[in-house]
Amino acid sequence: MHRFRFTLLVSIVVGFACASGSAEDLGGVSGALIAPDGVALCHVPLRLSGVGVQQTIVTGPDGTFQVDRLSPGIYVVRSETPGFIVGSDGRFTVTPGSTTYLRVTLAPAPVRERVLVTATRGHAPLSHLGSSATVIDAERIEARRPMTFGGIVEGVPGLSVARLGGPGQQSSVFVRGGESRFARVLVDGVPVNEPGGSINLGPWLPLDIDRVEVVRGAASSLYGTDALAGVIHVLTRRVAPDESLNLRFEAEGGSFDTSRIQTSGSGRIGRLDWNAGALRMETDNEAPNSRFTGTALIASTGAEIGGGTRLRAVVRGDWSEAGTPGQVLFERPDLDALYEHSAFSGSVALRHESGRVAHDLRLGIAATDHLSLNPEDSGPYTASYGDLTGYSGADYTNPEGYQNDVRRLSASHQIEAQIESRHLVTLGMDLEHETGALGNRREELLRPERTNVGVFLQDRIVIGSRLFATAGGRAERNASFGWVLVPRVTLAFRPRSGENAMTLRASAGAGIKEPGFLESFGQSLFAEGNSDLQPERSRTYDAGVEQRFLQDRLRVEATAFHHDYQDQIAYTVVSVDPYRGTYVNLARTRARGVELALEAAPFAGLHVKGEYTCLDGEIRVSPSDFDPVYAVGRPLLRRPRHQGAFSCRFSNERLSIGATMHLVGRRADSDFVGLGLMENDGYARFDARFRLRLVRGVDLLAAGDNLLDRSYQEALGYPALGRSLRVGLRLERENGNR
């Protein structure tokens, strides 16, 4: 026994001495993983190989990593994330007694990977997520040069856009068969939907947008109310790390008395960056009394405070006015009706990173003021179309107007903590206070208010180096319906990495949406609010595969989805004499289908993209007992069964030329004026864009929309614009990239 104790003691001493002696001969490595746009990538696995070592390391919340006790020699750090290339800075040498610092900067592959924040409320490569998402970056937005925001998201798989006429008119976006109020819309992290989810994207002007992220599938586990079908996140342009000063001026004009002027400036002074811009657009939109004038302003600034702390503030504002002639194909145009619209959003965000923990604090405000006016009585009318005759009616006159003025104040705080390197846990809380002043300005306005709070927990897990899981849930307390729990889980698996990588994805989640102000608080006998309304709900599932070919020059993706939208709020008649109506949780719809996407970069400068959606949408429980448009078994209103887009673009420093074909199939619709029309024909629209560098800093711009001059209606009764052309110049001055 004594001999055993002596032998054990000697072994411990010798082992400790050997370890102490060998430590002087060992070294280490620390560093950061940086995306092509300069963003540090957190919770991304890297493969470390060298002198007898083959191991996986995972970056922390600030994108950093560290490995100690490495033998001297040459090592390589590799990222197996599809769509990225690690350059020579992935190779390093370990020397005894020192730690090597390595900044691993990823370069984009020909068909690049996208990094987004919306799916997890933190930066993550799309291939690490089981969510179905699309990122529309600044390059693609520039290539499209849309007149309004709807042109940016048009053609995205799973999304359909319906506009009541030309630019500036009411525009709705439907995500995977959900209603237009079923998607949470964020601007720089701030929710901008009206209380109840409604949003009019028609007057939005695309000024200095860096990218738009679209996440499909219920996301209420992170964002609470409104995210039944998905999330649309608009992010303002940020100054590049090497940008010192950039000034830009654009002016163009063309068909339908269209003019557009934009100016912007950005730069960096030490640790401070700034960006500001203004845009003015006017067009007569061809139809009588449909002229649109809009102005947009944006300002943002960011500062590196030091000690891992960053501060950023962004404000955006839109002001517009447009005539609203109505369904001019069916009725006499209303020559005096119009709207005045203003929208404002602002945010202040503070992020602090320290080792394996990061804090995010954000304060936000969103305000929308929409005033509909109809000053004069234009007399009676009878709806007609060809041989069809519909209802007769009279013009509704309201010189004071109908007001919809709503505000949403928001505050959020979240903590990201990396646990045992494989778990990135996010714990956060959101607080929202909603107020409004709405109704007919002849009468006393309704002034509701509501405060909501939500707490969420999420865990992003790396299993091995090819399996990624995200699981989370949210407890939401809404002032209208109380507490509710919503979960979500996603999986992403890469059976093959490197060249010709494949990624399998799946997700399942639940969504909720609060009632609108009138639905909860309305005081009219014709539309009395119901304080007992429950949230509208969704259950969503999807699964898909992404495959890359030809050394990342071709990417194809396919996703199947199934969404159930339950407890939808519908108007119901309580009594006929006297007439009374209210709102109840009644309707139910189902949407399922397939989304396909193809992206190719066969050689430098050429980019090809194809997108297609097949949607099988159906009304399961009708919101109306008398309108055949909403009968059980009918397809969903204004959501086409088939739609797609195909684009091809060639660009280099001097020349850019591209074209897009939009294809939209037949879809259920209604004239709503008694003509009996219940279906809208499909259409094809061909658009083209052109840019030529005349001299350094001067570009000639040209754009053509609906070049085949097709006649169609995105919504029945509202004709789309015919062929239109715009030509302009861009002046740009850059004081060098440092």
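Every number here is computed from the coordinates shown, using simple stated rules; none is lab data. The structure displayed is predicted, hence computed values, not measured ones. Neighbour counts run over all protein chains shown; Cβ positions are idealised from the backbone, glycine included.
Note: relative contact order over the chain, using C-alpha pairs below 8 Å and six or more positions apart, is 11 percent. When only alpha carbons are used to place a centre, region 335-361 and region 36-93 end up 34 Å from one another.
Of all the C-alpha pairs in region 354-422, what % are more than 21 Å from each other?
Every Cα pair in region 354-422 considered, those over 21 Å come to 65 percent.
What share of Cα pairs, in percent, lie more than 23 angstrom apart in region 115-231? Of all Cα-Cα distances in region 115-231, 24 percent exceed 23 Å.
Using +1 at the C-beta of Lys and Arg and -1 at the C-beta of Asp and Glu, which of SER172, VAL187, VAL115 has the Cα lying farthest in the positive direction of the dipole of region 115-231? In region 115-231, that residue is SER172. Report, in whole Å, the centroid distance computed from the Cα atoms of region 109-174 and region 673-738. Computed from Cα coordinates, the inter-centre distance equals 17 Å.
Estimated purely from DSSP H runs of n ≥ 4, each contributing -39500 (n - 2.57), the mean residue ellipticity at 222 nm for the chain is -1500 deg cm²/dmol once divided by its residues. Taking every DSSP bridge with both residues inside region 115-231, close to 90 percent are antiparallel.
Rounded to two decimals, what ratio of Rg to Rh does the chain give with C-alpha atoms and a Kirkwood Rh? Reported Rg/Rh (Cα atoms, Kirkwood Rh): 1.01.
Take the chain and mark each of the GluC sites (Glu not before Pro) that is in a DSSP loop with at most 10 other Cβ atoms within 10 Å; the longest unmarked stretch, sites excluded, is 25-419.
Exposure proxy ranking for LEU636, LEU485, LEU504, based on other Cβ atoms within 10 angstrom of each Cβ and starting from the fewest, stands as LEU485, LEU504, LEU636. Principal axis analysis of the Cα atoms in region 65-156 yields extents of 60, 25, 17 Å, listed in decreasing size. Across the chain, the longest piece that holds none of the chymotrypsin sites (Phe, Trp or Tyr not before Pro) lying in DSSP loops with up to 11 other C-beta atoms within 10 Å covers 1-395. Applying a DSSP loop filter and a limit of 14 other Cβ atoms within 10 Å to the trypsin sites (Lys or Arg not before Pro) in region 271-377 leaves ARG271.
Positive-end ranking of GLY644, ASN404, VAL608 along the dipole of region 232-734, with charges on Cβ about the Cα centre, is headed by VAL608.
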